[in-house]
């Protein structure tokens, strides 16, 4: 296969504009001049009465992540007849989604492919539909995603509390405007990184589903052991394979409850050890904290299970390295970590049922230690780990590579979108 060729050069001649320096031959255009339409969605009258498990996805602000990706697992769904009656709000390939009000105002996403082939936005999201004869949709997304784009969006938020954005963004947001062929080259290069990230995220989803399917088959449904003898467990109130034991989590794992150091030791300059206070510093599989702590604290080690113990209770990550953990996190350390990680995944509701507290919901060390778990003979557990541990190691490796790819993309994005680094050939 012929390797792709890329030719770059550093720009040296710029001109001043209202929103910053750009190459001399570039222009600045109003957002509205580059759009085919700007529209928001709606929801059926009657609210939840229209929700249907097999309906068409309705994407809201809560389904858009800060990194520009979508989380459609918890999307509301509405009857297809409602979607078919829509005059606005239908998602198409190349659309840009912008959250226009609420707690997640300003989040952006680009639609490369319409989820499930048919989807819509609700009344809290704008759909920016580009005029493809004037602007490359992906270039426009990267511009709006850049610091200059975000600053303009934030400057147009009106009202108190959570505020809102209205259609005046069409006249008040200015866009750097290179020639169309250069827009396409910029979008192509930045998309390579996003596409690689997406591939690794899909790999991780498949790896996780595979691990969970094996765990369910072996330790919930006992499918490989059905031909053997079963005995009734009084502690669990169900039958389990003969020779298996019921133990408390505290017998097979060490539980380290976090303790928050004084905030004067926190920093974002990389001084000390990465710090996790609670859910806000957790990622999809491994932590994504930008906070460091320069003093000693409670430590989580690589392959410890990280569990949120304060509202919300039951969120999980795997530690990929050392972290200092705050009071919202417990670190669960065990040689059985793949087995236990999947056990906690399947028992999130049990963890939530243990919540107590007047100010906030929380669980304590004893709650975790006293949880009961069925432990198979060591040779079965070893066989399970030989299947599943490589899957999680690959997930952790993929997450590290995703972080590296994001850093490279985020470094390149302003250089390319602002015209400081020019792409002459792709």
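I need the peptides 135-148, 67-80, 260-273 ranked by packing, meaning the mean over residues of other C-beta atoms within 10 angstrom, with the highest value on top.
Taking the mean over residues of other Cβ atoms within 10 Å, the ranking is 135-148, 67-80, 260-273.
Sorting 355, 234 on the 10 Å Cβ count, fewest up front, what's the list?
Neighbour counts put them in this order, fewest first: 234, 355.
Would you mind ranking 104, 52 so that the residue whose beta carbon has the fewest other beta carbons within 10 Å leads the list?
Ranked by crowding around the Cβ, least crowded first: 52, 104.
Relative to the present Cα-Cα distance, how much length would full extension add between residue 112 and residue 87 at 0.36 nm per residue of separation?
So the extension gain works out to 6.8 nm.
With axes computed from alpha carbons, what is the tilt in degrees of helix 180-215 against the longest principal axis of the chain, rounded to the nearest 10 within 0 to 90?
Approximately 10 degrees, to the nearest ten.
So for the pair residue 132, residue 279, with labels modelled 7 Å out along Cα→Cβ, what separation do we get in nm?
Between residue 132 and residue 279, the label points sit 3.9 nm apart.
How much length is gained if the chain between residue 365 and residue 401 is pulled fully straight, taking 0.36 nm per residue apart and subtracting their Cα-Cα distance, in nm to one decimal?
Numbers: separation 36, 0.36 × 36 = 12.96 nm, distance 3.37 nm.
So the chain would gain 9.6 nm between residue 365 and residue 401.
If each residue of separation counts as 0.36 nm, what is the full-extension length gain between residue 147 and residue 80 once their alpha-carbon separation is subtracted?
Working: separation 67, 0.36 × 67 = 24.12 nm, distance 3.81 nm.
In short, 20.3 nm is gained.
Provide the percentage of antiparallel DSSP beta bridges, counting only those with both residues in the chain; round to the nearest 5.
90 percent
Classify region 100-222 from the C-alpha gyration tensor, please: rounded if a/c falls under 1.5, else prolate or oblate depending on whether a/b exceeds b/c. Please list the in-between numbers first.
Working: a/c = 2.74, a/b = 1.60, b/c = 1.71.
Cα axes put region 100-222 in the oblate bin.
May I ask for the distance between the Cα centers of region 361-403 and region 144-191, given as a whole number of Å?
Centre-to-centre distance over Cα atoms comes out at 42 Å.
Based only on other Cβ atoms within 10 Å, what is the fewest-to-most ordering of 324, 157, 402? Intermediate results must be reported in sequence, preceding the final value.
Numbers: 324 28, 157 15, 402 24.
In increasing order of surrounding Cβ atoms, one gets 157, 402, 324.
Taking the 0 to 90 degree range and rounding to the nearest ten, how far is the long axis of helix 337-346 tilted relative to the main principal axis of the chain, both from C-alpha atoms?
Roughly 80 degrees between the two axes.
Quick check: Cα centre of region 72-138 to Cα centre of region 242-302, how many Å?
Here the two parts' Cα centres lie 37 Å apart.
Tell me which label goes with the value of Rg/Rh (Cα atoms, Kirkwood Rh) computed from the coordinates here: (i) 0.95; (ii) 1.02; (iii) 0.98.
(ii)
Let's test the formula: R0 of 60 Å, r as the Cβ-Cβ distance of residue 8 and residue 229. What FRET efficiency results, to the nearest 0.05? Kindly include the intermediate steps, with their values, before the conclusion.
Numbers: r = 69 Å, r/R0 = 1.15.
Once rounded, the FRET efficiency stands at 0.30.
Between residue 290 and residue 311, what is the label-to-label distance in nm when each label sits 7 Å out along the Cα-to-Cβ direction?
So the label points at residue 290 and residue 311 sit 2.6 nm apart.
Restricting to DSSP H runs of at least four residues, report the calculated mean residue ellipticity at 222 nm for the chain, -39500 (n - 2.57) per run over all residues, nearest 500 deg cm²/dmol. Please report the intermediate quantities before stating the final value.
Details: 10 runs with 129 residues, N = 426.
Helix-only estimate at 222 nm: -9500 deg cm²/dmol.
So how tilted is helix 378-417 from the main axis of the chain? Cα-based, degrees 0 to 90, rounded to 10.
Helix 378-417 sits roughly 20 degrees off the main axis of the chain.
Would you please put 393-400, 186-193, 13-20 in order of how densely packed they are, using the mean number of other Cβ atoms within 10 angstrom per residue and starting with the highest?
On the way: 393-400: 17.4, 186-193: 20.1, 13-20: 11.4.
In decreasing order of mean packing, 393-400, 186-193, 13-20 become 186-193, 393-400, 13-20.
Where both residues lie in region 245-375, what percent of DSSP beta bridges are antiparallel, nearest 5?
90 percent
A short reminder: the numbers here are calculations on the coordinates, not readings from a lab. For clarity, every value in this text was computed on a predicted model and none was experimentally measured. Cβ atoms come from the backbone with ideal geometry, glycine included; neighbour counts cover every protein chain shown.
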